[in-house]
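What follows is a set of notes on a single structure, which appears directly below.
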Amino acid sequence: MFKKILIANRGEIACRVIKTARRMGIATVAVYSDADRDARHVELADESVHIGPPPARESYLSMDRIIAACTQTGAQAVHPGYGFLSENAEFSRRVEEEGIVFIGPKHASIAAMGDKIASKKLAKAAKVNVIPGWNEPIETAEQAVRIAKDIGYPVMIKASAGGGGKGLRVAFNDKEAFEGFTSCRNEARNSFGDDRVFIEKFIEEPRHIEIQVLGDGHGNVVYLWERECSIQRRHQKLIEEAPSAFLDRETARRMGEQAVALAKAVDYQSAGTVEFVVGKDKGFYFLEMNTRLQVEHPVTECITGLDLVEQMIRVAAGEKLAFAQKDVKLDGWALECRINAEDPSRGFLPSTGRLIKFQPPATSMEASLPVPAEGGVRVDTGVYEGGEIPMQYDSMIAKLIVKGRDRAEAIARMRDALDGFVIRGISNNVGFQSALIGHPRFATVEFNTGFVAENYPNGYQASGARHDDPAFLMALAGAAHRRLRERAAGIEGQLHGRSVVVPTEYVAVVKDADSHRHDTPVVVEPDGAALNVTVGDVKRYAIRFDGPIRDIGVTGTVNGRRFAAQIERKGLDYVVVQGGAQVVARMLSRRAAELNRLMPEKQPPDLSRFLLSPMPGLLVDVAVSVGQQVRAGERLAVIEAMKMENVLIAQRDAVVKKVSAGKGESLAVDQVILEFE
């Protein structure tokens, strides 16, 4: 076994690998860029080596610097994590040539699976299901019908040079195939000057389901069941679960056996994932193989009891797998939500800056340690309260993982955990994840890869999100206000006759998503350790809080049932969040509510003459100058944040009056970049 390994990565996955290595008695070396000098993975590792400036290409993607760090520290092996160099065949080869062990598959396996065309040919040769299709140009409509019938309807007829929806038709019968071929060919000729048309199987209501495999250097390969990763936004996974509620065990077994056959065909030695697209008829077809540890590996660890990082290290050290396929258990149900630094209310734009508060829910599971029989909550992260989320890297803050005895228990546990996850200082997607987990279609497994686009076409706003019982959120605001007034009444030294009086009757002033005001009577009466709250003379709640009044993340009971929520005082308002829904309530006396109605409202300033930065980031280009006439749709500036370039364009014709920010400047959200006349 290795005495020392280097982790060629950062953030959450670097911390995750360190935990397992420490339990195995292996010393660890962290590498870090200037931006990560104070990062958590640097603090956790036994040693650390600085490898360059913040841009990844000059640090975490620099093979020379990472190999030099191995030599400098005497590290015998390198764990690449995921992302960066984890699937780079050249890096794997160079490490091996230096006499350092790569904790992952051999470079030949990475190269074979990294080529999309070659990997599909290998999959076909290994008798793995690939999407049926005819990949030669089709000459006539009659030929198109024959091919479509052979493949099996529905089919997708598409132009070789197609794009933007042009040259694409879905056919469900011979007539549609005949007409679709003719239309596609004409469109392709007219739009692209290329009339070549192909046909492949159309997967209805596609799901993304993947099989975790594990192989050693002695010819043994097993599959560790499946993960459902269909809840995605723009092909980025949001929620993963194991096993899949959609698959039956026989289909899962056949998928697993095919994944093993593919892994054996490339002599796969490590943890890897074979990804499939699965149709509503449970037909499954190979997409690609990820030759690394996956972000979502914890859900597999929860249901199998295996530490995948440990298995990777043992395989790399030359050990045989200590178990066979028949020994791989499937116990309980696990879910993972990716907690990202992004702003759902602004089209999920990246968010960077300081974590003023980072208070995850209470945990009862931990990476690298045995999974409790009853399940629990686990948080994998590489950040800490007071730390920075840098703009140069990906947006992941943490991974929230839960395990339950069944899917219903796992969902309930995840909902409570999300409601108790407090992050302040940067925008994040905790509320959006909570709304997804609580969606009725998620509970009934009626979703596919188009779920987010179908259900949130205009993005996500907490104020407009659905809640099962909106009155309960007002009741929480009322109970929180009563607790605050009781504390104020208990302060010593109050003037006689002028002391704080704690009323029982209030009016909750709430504005809906359309800014319409609603006044609701709320009565809060103490009853021992509980507060009895009546909302609108109809809804009654007996609320008990567990923690102190200062907590934003609160837990307790309502009418004898456990609950978790977030309550925060902002000015005169209480912001109450639960299940992805939000209520902003102002608790007033009846007279104060009447007077409040007469108060004029401050109108928001007119910002139409300014170009504001929609996110924190680096201003990499300003494409206009003072006095320049710009047209609607014209490029104005480019902001780089979290490995993505965001181009800002003019919304209307205008003349540039002032350039307020320069190229290379770090911008805050809503900072003025340009002013127009």
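The values are calculated or read from the model by the stated rules, or taken from the named source; none is laboratory data. All figures in this text were calculated on a predicted structure; none of them were measured in a lab. Virtual Cβ from ideal backbone geometry, glycine too; neighbours counted across all protein chains shown. Calculation scope for accessible area: heavy atoms of the full protein, side chains included, ligands and nucleic acids excluded. Shrake-Rupley method; radii C 1.70, N 1.55, O 1.52, S 1.80 Å.
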- Task: Whole Å is fine, so just give me how far the alpha carbon centre of the range 243-261 lies from that of the range 385-462.
- Result: 26 Å
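Of Lys149/Lys280; Lys280/Lys539; Lys280/Lys399, which pairs sit farther than 31 Å apart, going by alpha carbon to alpha carbon?
On the way: Lys149/Lys280 19 Å; Lys280/Lys539 42 Å; Lys280/Lys399 29 Å.
In this structure, Lys280/Lys539 lie more than 31 Å apart at Cα.
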- For Lys106, enumerate residues with amide H under 5 Å from its amide H, sequence gap 5+ or separate chain, H modeled in the peptide plane. Gln269
- Task: Project the alpha carbons of the range 497-656 onto their principal axes and report the range along each, largest first, in whole Å.
- Result: 68, 40, 33
- Task: Give me Rg over Rh for the range 570-629, both radii from the alpha carbons and Rh done the Kirkwood way, two decimal places.
- Result: 1.21
- Note on the structure: Using the Cα gyration tensor of the range 325-388, the equivalent ellipsoid's semi-axes, largest first and to the nearest Å, work out to 31, 16, 10
- Item | aspartates and glutamates with Cα under 18 Å of Lys4, excluding same-chain neighbours fewer than 8 positions away | Glu43, Asp46, Glu47, Glu96, Glu98, Glu310, Glu319
- Task: For the range 105-112, just list the computed ³J(HN,Hα) in residue order, Karplus coefficients 6.51, -1.76 and 1.60, θ = phi - 60°, integers in Hz, with x standing in for Gly and Pro.
- Result: x, 5, 4, 5, 5, 4, 5, 4
- Message: If you take every DSSP beta bridge fully contained in the chain, what fraction is antiparallel? Give it as a percent rounded to 5.
- Response: 90 percent
- Restricting to lysines and to Cα separations under 26 Å from Lys663, and discarding same-chain partners fewer than 8 apart, the set is Lys643
- Task: Taking the Cα centre of the range 15-121 as origin, work out the dipole magnitude from +1 charges on Lys and Arg Cβ and -1 charges on Asp and Glu Cβ, in debye rounded to 20.
- Result: 560 debye
- Compute, for Arg94, the solvent-accessible surface of its heavy atoms (probe 1.4 Å) with the complete set of protein chains present, and express it in square angstrom to the nearest 10. 60 Å²
- Task: Find which of Leu648, Ala565, Ser625 sits farthest along the positive direction of the dipole of the range 539-651, computed with +1 on the beta-carbon of Lys and Arg, -1 on that of Asp and Glu, about the Cα centre.
- Result: Ala565
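Report, please, the projected area of the range 373-417 averaged over directions, based on the convex hull of its C-alpha atoms, in nm². List each step's numbers first, then the result.
On the way: hull surface 16.5 nm².
The directionally averaged projection comes out at 4.1 nm².
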- Considering the range 200-346, what Rg and Dmax in Å follow from its alpha-carbon atoms? 15.4, 51
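How large, in percent, is the carbon and sulfur part of the accessible surface of the range 1-111 at a probe radius of 1.4 Å? Present the calculation step by step, with values, prior to reporting the outcome.
Details: 1870 of 4250 Å².
The value for the range 1-111 is 44 percent carbon and sulfur by accessible area.
Distance check, please: which entries in Lys19/Lys106; Lys106/Lys158; Lys116/Lys357 exceed 31 angstrom between their Cα atoms? Intermediate values should be presented prior to the final figure.
Numbers: Lys19/Lys106 24 Å; Lys106/Lys158 37 Å; Lys116/Lys357 43 Å.
The pairs that break the limit, which is 31 Å between Cα atoms, are Lys106/Lys158; Lys116/Lys357.
Given 10 °C and 1.306 mPa s, how large is the Stokes-Einstein diffusion coefficient of the chain in µm²/s, with Rh as the Kirkwood radius over Cα pairs? Spell out each step's value before the answer.
Details: Rh = 28.3 Å.
Answer from the Stokes-Einstein relation: 56 µm²/s.
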- Size of charge dipole - the chain - debye, nearest 20, with Cβ of Lys, Arg +1 and Asp, Glu -1, no other charges: 740 debye
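Show me the GluC sites (Glu not before Pro) within the range 452-494 that DSSP assigns to loop and that have at most 15 other Cβ atoms within 10 Å of their Cβ.
Working: sites: Glu454, Glu486, Glu492; in loops: Glu492.
Answer in residue order: Glu492.
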- Note on the structure: Phi angles of the range 205-212, converted by Karplus (6.51 cos²θ - 1.76 cosθ + 1.60, θ = phi - 60°) into ³J(HN,Hα) in whole Hz with x for Gly and Pro, give 6, x, 10, 9, 10, 10, 10, 7
- Task: Have a look at Thr534, Val309, Ser434 and report the one farthest towards the positive end of the charge dipole of the chain, computed about the Cα centre with Cβ charges (Lys/Arg +1, Asp/Glu -1).
- Result: Thr534
- Item | Base-10 log of normalised Debye intensity for the range 79-128 (one unit scatterer per alpha-carbon) at q = 0.14, 0.15, 0.19 Å⁻¹ | -0.39, -0.44, -0.63
- Alpha-carbon spread of the range 361-477, three principal axes, descending order, Å: 39, 37, 36
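Expressed in nm to one decimal, what extension gain is obtained for the pair Ala68 and Val130 from 0.36 nm per residue of sequence separation less their Cα-Cα distance? Working shown, then result.
Values: separation 62, 0.36 × 62 = 22.32 nm, distance 4.17 nm.
Extra length from Ala68 to Val130 when fully extended: 18.1 nm.
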- Note on the structure: Taking 138-150, 277-289 and ranking on average Cβ neighbours within 10 Å, highest first, one gets 277-289, 138-150
- Message: Could you tell me how far the Cα centroid of the range 315-379 sits from the Cα centroid of the range 629-674, in Å?
- Response: 38 Å
- With the convex hull built on the alpha-carbon atoms of the range 31-75, volume per residue in Å³ sits at 58 Å³
- So, in nm, how far is label Lys329 from label Val620 when the simple model puts each one 7 Å beyond its Cα toward the Cβ? 4.9 nm
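Summing +1 for each Lys or Arg and -1 for each Asp or Glu, what net charge is found among the other residues whose Cβ lies under 11 Å from the Cβ of Ser33? Provide the component values of the computation, followed by the final result.
Working: positive: Arg10, Arg37, Arg57, Arg65; negative: Asp34, Asp36, Glu58.
Neighbour charge sum, excluding Ser33 itself: +1.
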- Query: Could you name the aspartates and glutamates in cross-link range of Lys175, using Cα to Cα under 12 Å and dropping any fewer than eight places away on the same chain?
  - Reply: Glu142
- From largest accessible area down, sort His79, His481; use a 1.4 Å probe on the protein chains. His481, His79
- Task: Please go through the residue pairs Lys120/Lys282; Lys237/Lys282; Lys121/Lys329; Lys201/Lys282; Lys329/Lys403 and name each one whose alpha carbons sit more than 25 Å apart in this structure.
- Result: Lys121/Lys329
- Add -39500 (n - 2.57) for each DSSP H run of 4 or more in the chain, then divide by its residues: what number comes out at 222 nm, to the nearest 500 deg cm²/dmol? -8000 deg cm²/dmol
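How about the range 478-577: which trypsin sites (Lys or Arg not before Pro) there lie in a loop by DSSP and see at most 15 other Cβ atoms within 10 Å? Can you show the working numbers first?
Details: sites: Arg482, Arg483, Arg485, Arg487, Arg498, Lys511, Arg517, Lys539, Arg540, Arg544, Arg550, Arg561, Arg562, Arg569, Lys570; in loops: Arg498, Arg550.
Qualifying residues, ordered by number: Arg498, Arg550.
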